[in-house]
Each structure stands twice: as C-alpha cells, then as structure tokens.
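Written out below as structure tokens is the structure these notes cover.
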Amino acid sequence: MKPCVFIHTNHRQHIGAIVSQYSLKRNSRNADKFDARIIHAQDYPFLRDKDGQPYLHGGGRRNWRYDDLQSFTPLRFMPPQLMGYQGRAVVIDPDVFAVGDIWDLLSRDMGDKAILCRLRSGTKGEEGRMASSVMLLDCAKLNHWDCERQFEELFAFKRDYADWITLRLEPREAIGPIEDRWNDFDRLAPDTKLLHNTKRQTQPWKTGLPVDFVPARKKVKPLKPATWLRPLTQARLLGQKLATYRSHPDPNQERYFFGLLGECLDKGVVDEQTLRGEMRQNHVRHDALEVLERTPRLEAQRIFAA
C-alpha cells in the first residue's frame, strides 16, 4: 500500500478539499509515490447520528452540530484504520494547500515517534496542545485509534473533545515536532510547505458569505479587569464583524487559492456547474467566477512580489 495523504472534509468545505487534493499532486516531484484521498463526513453515519446531542468539550457540555463548518474533525483519527494499521499517512484539513512537495514530509525519518505535528499557536501551544490539523502518522503505532468508538466516548462523557483533538490523550513521548512551515497558519512565505487558511472568518473562497460556524469560546479570567468587557466585545463581534466572512488580509493567499481553483477548472477537476452549485449553497463566495477571471494562473503569478 502506498503512503497516503487524507483530506477530511464535509459538505461545507468540499471545494476546499478538492483544491487541496489537486495541490498535493501538482506540487510534488514524486506524485506517483503516494495517494491523495478525500474522506467525507457524509460517508460516516456515526457523525450524523449524534446531531444535537450533548458531548464533553473543554470540561463542559456542548451540543454536536453535524451541519457545522468543522464537523469533519473527528475523522482526523480515521487514517490508521483506513490504512489497515500499516504504513505512512498524512492527514490534513480541507483548508490546507500544498506549496511545497508533500513527499518530503511523507518520507522523512520519524525516529520512533508515532505522530509528527506542530504545536498550536499562542497560549494553546504553550499548554502543550498540538495542532492535529496536519499530522504525519506511523499507522502501525496507532492501532489504539478507533475513530467511531472514541467519538462515541465523547457522548458518554468519558472523553473530552478538546483533549482528544489536541492529542493530550496520547503519550507525549510518542509525538515529535515538525517545522511550522508544514502547517503554516495563514502565512504564505518562500519557505511555506503547506499553507493552512486556519482563520475561518477569512478563508479566501468564502468572502462575503454568511458565517456558518460557531466562534470558539474564549476563557475569561474574572480577576483581571482587562477581561471584564470581553463578553460584550465578543457579542459585538458576533453580531457585526462575524456576520459575514471577511477578505483575507493577505491578497497573495487569495490569489494562490484561486490560481489553484482556476487550474482545477481548466483540467476538469472541477466543472463550472459544480462550482455554481456550491455558490448557490453558500459554500463558495458568490463572486467566485469573477475572481477567477481576474486571477492569473499560478505560472503567471508573482506570489512573493513586494
């Protein structure tokens, strides 16, 4: 079995997943050595079956929303099973796009580690929480991963989603680091290998659409006066700034995505009818075809020009 890159997604991020899959093969000198496969939430009924039910998240209870923008995230733990618990796999979010050669990650020396990934950003990284949005996996060392069973444990309040998704339930000695450029959070630079448009409200293919996700809750520290007005500020942001997706602050990242999407259309990876359907469902910005018309194909772009 070839090493495989798995892109996990749902109906709201399907176009991103297709473009991601295309970018992996396009930008690899070794495209024949690995597979790139989309795993879709619709093919795993256990995700839908729990819609509306309470689960454990960050020590509290939330209701599972199958229709949420990121309802695919439990599928990060599916690849070892799909690989028969053997060989190498990389799993990535559908908003991750190859800039460099993914084979350089797939084929790297993992030492004795089961997982390679980067720390999360900010204070979450300082707490030892890992970014599971891009992981290199030695599947033979992960035979304890059973995605459906572990997902069910969330609803029995035996497993905390926040700990699960940040790998805090894995032995720390089983996890090794990768360079940030292999999961570059909204940063596109000459050394970027995988660009991750991780800030949901500025994903380039959704600008202007109504926001279709629940913003992450922020912890409030009541003893610090600077935090007293935070709930009011968050409410204002939710009611105003987060009513619609905003433009990405880096025009190069918008050009890069639409350059890739344009090539997908040129090569029949995506057809215009499909794209228009995604626009009608508010999964892709309504002016996507106009943006494509004014965006040069990647060979003509000067991504890092001043």
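Take the residues in region 242-273 that are of a type in the set (Ser, Thr, Tyr) and touching a residue at least 40 places away in the same chain (Cβ under 8 Å); name whichever of them is surrounded by the fewest Cβ atoms within 10 Å (Cβ to Cβ).
Step one: filter region 242-273 for residues of a type in the set (Ser, Thr, Tyr), giving 244-245, 247, 256.
Subsequent filtering for residues that are touching a residue at least 40 places away in the same chain (Cβ under 8 Å) retains 245, 247, 256.
Numbers: 245: 22, 247: 12, 256: 24.
For region 242-273, the residue satisfying everything is 247.
Table: residues versus (1) in contact with a Lys or Arg (Cβ under 9 Å, 6 or more places away or on another chain); (2) within 28 Å of residue 289 (Cβ to Cβ); (3) at pLDDT below 95.
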site: 161; (1), (2), (3): yes, no, no
site: 165; (1), (2), (3): yes, no, no
site: 180; (1), (2), (3): yes, no, no
site: 195; (1), (2), (3): yes, yes, no
site: 205; (1), (2), (3): yes, yes, no
site: 225; (1), (2), (3): no, no, yes
site: 248; (1), (2), (3): yes, yes, no
site: 257; (1), (2), (3): no, yes, no
site: 260; (1), (2), (3): yes, yes, no
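Here are some residues: 174, 156, 140, 131. Which one is under 18 Å from residue 62 (Cβ atoms) and among the small types (Gly, Ala, Ser)? Give the steps one after another, and end with the answer.
Working: 174 fails: under 18 Å from residue 62 (Cβ atoms); 140 fails: under 18 Å from residue 62 (Cβ atoms); 131 fails: under 18 Å from residue 62 (Cβ atoms).
Just one listed residue meets the conditions, 156.
Return the pair list, or none, for Cβ contacts closer than 6 Å from residues in region 54-71 that are modelled with pLDDT under 95 to residues that are buried (at least 18 other Cβ atoms within 10 Å of the Cβ), at least 6 apart or on different chains.
Hits for this filter: 69/12.
I need a count of the residues in region 66-116 that are assigned to a strand (DSSP E or B) and under 22 Å from residue 22 (Cα atoms).
8
With respect to residue 35, is the statement that it is farther than 24 Å from residue 207 by Cβ, of a type in the set (D, E, K, R) and either free of Cβ contacts under 8 Å to residues at least 24 places away in the same chain or not assigned by TED's automatic domain parsing to the domain that holds residue 137 (or both) true?
Working: farther than 24 Å from residue 207 by Cβ: yes; of a type in the set (D, E, K, R): yes; either free of Cβ contacts under 8 Å to residues at least 24 places away in the same chain or not assigned by TED's automatic domain parsing to the domain that holds residue 137 (or both): no.
When the stated conditions are applied, residue 35 does not pass them.
Among the residues of region 69-103, what is the count of those that are acidic (Asp, Glu) and crowded, with 20+ Cβ neighbours inside 10 Å? Reasoning before the result, please.
Of region 69-103, the ones acidic (Asp, Glu) are 93, 95, 101.
Among the residues that remain, those that are also crowded, with 20+ Cβ neighbours inside 10 Å are: 93, 95.
Summing the residues that are acidic (Asp, Glu) and crowded, with 20+ Cβ neighbours inside 10 Å in region 69-103 gives 2.
Given (1) touching a Phe, Trp or Tyr at 6+ places or on another chain (Cβ under 7 Å); (2) within 30 Å of residue 281 (Cβ to Cβ); (3) of a type in the set (Lys, Arg), where does residue 187 come up short, assuming only one miss?
(1)
The values are calculated or read from the model by the stated rules, or taken from the named source; none is laboratory data. Nothing here was measured: the structure is a model prediction, and the numbers come from that model. Heads up, the Cβs are rebuilt from the backbone with ideal geometry, glycines too, and the neighbour counts pull from every protein chain shown.
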